[in-house]
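To start, the structure under review is shown below, and the notes come after it.
Read-outs: derived from the displayed coordinates by stated rules, not from any lab. This one's a predicted model, so the numbers in the text were calculated from it and none came from an experiment. So basically every Cβ, Gly included, is an ideal-geometry build from the backbone, and we count neighbours across all protein chains shown.
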Amino acid sequence: MTRPPSVETLGEDDARRELAQLAQVLREASAAYFKSDAPNLDDAEYDSLKRRNAAIESRFPHLKRSDSPTDKVGAAPADGFSKVTHSQRMLSLGNAFDEADVQDFVEGIHRYLGMPSDTALAFTAEPKIDGLSLSLRYEDGVLVQAATRGDGSQGENVTQNARTIAEIPQKLVGAPDLLEVRGEVYMDHADFEALNARQGARGAKPFANPRNAAAGSLRQLDASITRSRPLRFFAYAWGDVSEPLAATQYQALIRLGALGFRTNPLTALCSSPEEMVAHYKIIEAQRATLGYDIDGVVYKVDELTLQSRLGMRSTTPRWAIAHKFPAELAWTRLEAIDIQVGRTGALSPVARLMPVTVGGVVVSNATLHNEDYIAGRGGDGLPIRGGTDIRVGDWVQVYRAGDVIPKIADVDLTKRPVQSDVFAFPHVCPECGSAALREEGDAVRRCTGGLICPAQAVEKLKHFVSRSVFDIEGLGAKQVEQFYADGWIREPADIFALESMYGSGLQQLKNREGWGEKSAANLFAAIRDKRRIPLKRVIFGLGIRHVGEQASDLLAKHYGTWDAMIAAIDAAVAYSGPEWEDLLAIDGIGQVMARSLISALSQPAERATVDRLVACLDVEPAEAPVTEGSPVAGKTVVFTGSLEQMTRAEAKATAESLGAKVSGSVSGKTDMVIAGPGAGSKEKKARDLGLEILTEDQWLSLIGRL
């Protein structure tokens, strides 16, 4: 099978399309898995798709979507249970799919900690149970609360149900005064088969798999039903604790075992990536005979002080990763190729397949990337699949190999219909009929219709109201499509005119199907509430190509206010001058992104829509960090050369927390340069400009860290 392209070889347009597809797939899968206990993807596929998404965003941060799956953990708690707010978030894990990923994980830890690559580190390796995450809170040794993970921040209170599980101790002897134990509720194979036999005997619907059965059983509103189900529990972590359990992960698991919790006997200590992978293979070989479902092996840095130093990303810890088991392949018939038009006008081909089960999941769609991919050419122009093109009617091999959405790996030419035709990629937009052009160096063909293209207009509006942007309660994708079709909204500013235009008169919103007086009033109130909005959300909401959520935050922090930013953008319209240089000096803003920003805001039609929107808003200035007493607040600093006492990421984060601006280039606006060994042209330019140059020790002394 042809291995899918790595993230490092993806082109920007391929990455953008894949992120859009991943967002949709993962949104649907999350709701099915966490809220309905009826997953449409298995755990390995779901987690691996999130990793693929995060990896693409890491390489292309400006492409990060407003509905990015990397910012989400699980799904919101279901109705029917009281809610529990976790004092420490219950995060998901990043994923590895091969030995190279494990090596990268270990090397990444060395880099983040600033350790030489040959420094010995210990890791635990344990089976990853395919069940439902549960948090157990003990106070003075007594179980007082049990909660599901939910969305990571808030879960469901299932205390009464958890009390019925025999493997969950009700009282602990010798435990810390406060102890939150985390683990996995699951059902073993024998108990699952017996449960399904009982379901069948009384005419009830059987459960699809042990994970569904365990999740559904734990989340019963009637605890007596949970009591009748054979649930089990493995402990593997902890949250709040009044005193440390131990100095290491492995010792802490031994302590949990001594307190009466079941921990996995296959957990082992490893001292290298090779040992970690070797233990993975040992566990994988036993997978079929364990008697319960696992979907991989979890590696964790053993020393807890290092775990604390490594800390967390937005949804995953840096000190742990799940090494997932591989997925499967299947052959099916390609029945059609549809063209979808995205927010930026990109024409994206999608394969419509005769439904086929791949790795336990029914697949009916697969990405086809772009017209070159269909024609059998890669991004470098060289043949892929041996140069074989893809045609409607072909028998194709589909894979969901862990870190990708459904894709086509190969074509069986022996089954190709005699009358098959080469697929003719459209040169006009299927939505508006405008010319679809492909610029030199771009792998994607794009509609030139702009706002007259309904696909682009609707997608821009959907982006505008999405959770990471304006997040208007009651106004989601479905309502946007409805209002656009009816001619009520054509651009973002129209949203803020809805109440004046459709709050009274013959076409009142409350008179429409699906709406009532209360829901209409609630929507209008929600819209009014979002007239005051942070600057970074306004920038991100404009939907400018290449300007993602992270870049929007960088721009907001740099300029502070909308007026300051728009004045600077207008002054840089010729891509030259001090304002242009200042824009490029923002660490994380490159020429492509900067040109896209200026181009979008200098186009008369698009600028007019932006001006109409801003006129409706009270744009909040970027929140400044608390910098009282900071010696570098408001200063622009540049780090160059090698830092020996902290990594570059730590240095940047520290400087920004003290109110400094970190720039990637030296200019007349730079206040100080921190130069380590190996500093080159940046240090020379700083000396030529007469700027203040500090060593790393001088910098640490200045900010009180030495």
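Helical content of the chain, expressed as a calculated mean residue ellipticity at 222 nm, amounts to -10000 deg cm²/dmol (DSSP H runs of 4 or more residues, -39,500 (n - 2.57) each, divided by residue number, nearest 500).
Here the relative contact order of the chain, from alpha carbon pairs under 8 Å that lie six or more residues apart, stands at 11 percent.
Using the Cβ-Cβ distance between residue 193 and residue 166 with R0 set to 25 Å, the FRET efficiency from 1/(1 + (r/R0)^6) comes to roughly 0.85. For the stretch 595-601, backbone phi angles converted through the Karplus equation (6.51, -1.76, 1.60; θ = phi - 60°) give residue-by-residue couplings of 5, 5, 4, 5, 4, 5, 7 Hz, Gly and Pro being listed as x.
Take the Cα of residue 435, step 7 Å toward its Cβ, do the same at residue 525, and the gap between the two points is 5.2 nm. Here the Karplus curve 6.51 cos²θ - 1.76 cosθ + 1.60, taken at θ = phi - 60°, turns the phi angles of the stretch 124-139 into couplings of 8, 9, 9, x, 8, 6, 8, x, 10, 5, 9, 10, 10, 9, 10, 10 Hz, with x standing for Gly and Pro. Annotation: amide H-H contacts under 5 Å for residue 377 (H modelled 1.01 Å from N, sequence separation of 5 or more, or interchain): 384. Note on the stretch 83-320: Kirkwood hydrodynamic radius from all Cα pairs is 18.8 Å, rounded to one decimal.
Of the GluC sites (Glu not before Pro) found in the stretch 478-552, those in coil by DSSP whose Cβ has at most 14 other Cβ atoms within 10 Å are 513. Candidate cross-link partners of residue 685 among the lysines, defined by an alpha-carbon separation under 19 Å and a same-chain spacing of 8 or more, comprise 635, 661, 669.
Each Lys or Arg adds one and each Asp or Glu subtracts one; over the other residues with Cβ under 12 Å from the Cβ of residue 104, this totals -3.
Computed from phi, the 3J(HN,Hα) profile of the stretch 262-272 under the Karplus parametrisation 6.51, -1.76, 1.60 (θ = phi - 60°) reads 7, 10, 6, x, 8, 5, 9, 8, 10, 10, 7 Hz, with x in place of Gly and Pro. Considering only the Cα atoms of the stretch 195-252, their convex hull presents on average a projected area of 6.0 nm².
Quick one: net charge of residue 345's neighbours, Cβ under 14 Å, K/R +1, D/E -1?
Net of charged neighbours comes to +2.
The trypsin sites (Lys or Arg not before Pro) of the stretch 483-586 that meet both conditions, a loop assignment by DSSP and at most 13 other Cβ atoms within 10 Å of the site Cβ, are 531.
For residue 692, nonlocal amide neighbours, meaning residues 5 or more places apart or on other chains whose placed amide H falls under 5 Å from its own, are 673. For residue 96, the residues whose modelled amide H falls within less than 5 Å of its own, excluding neighbours fewer than 5 places apart on the same chain, are 322, 323, 324.
When the pairs 652/684; 536/684; 530/652; 83/171; 536/682; 83/478 are compared against a 26 Å limit on Cα-Cα distance, 536/684; 530/652; 536/682; 83/478 fall above it.
Among [x] -0.70, -0.87; [y] -0.61, -0.78; [z] -0.76, -0.97, only one was calculated for this model; which label is it, if the read-out is log10 I(q)/I(0) by the Debye sum over Cα atoms at q = 0.08, 0.09 Å⁻¹? The value computed from this structure is option [z].
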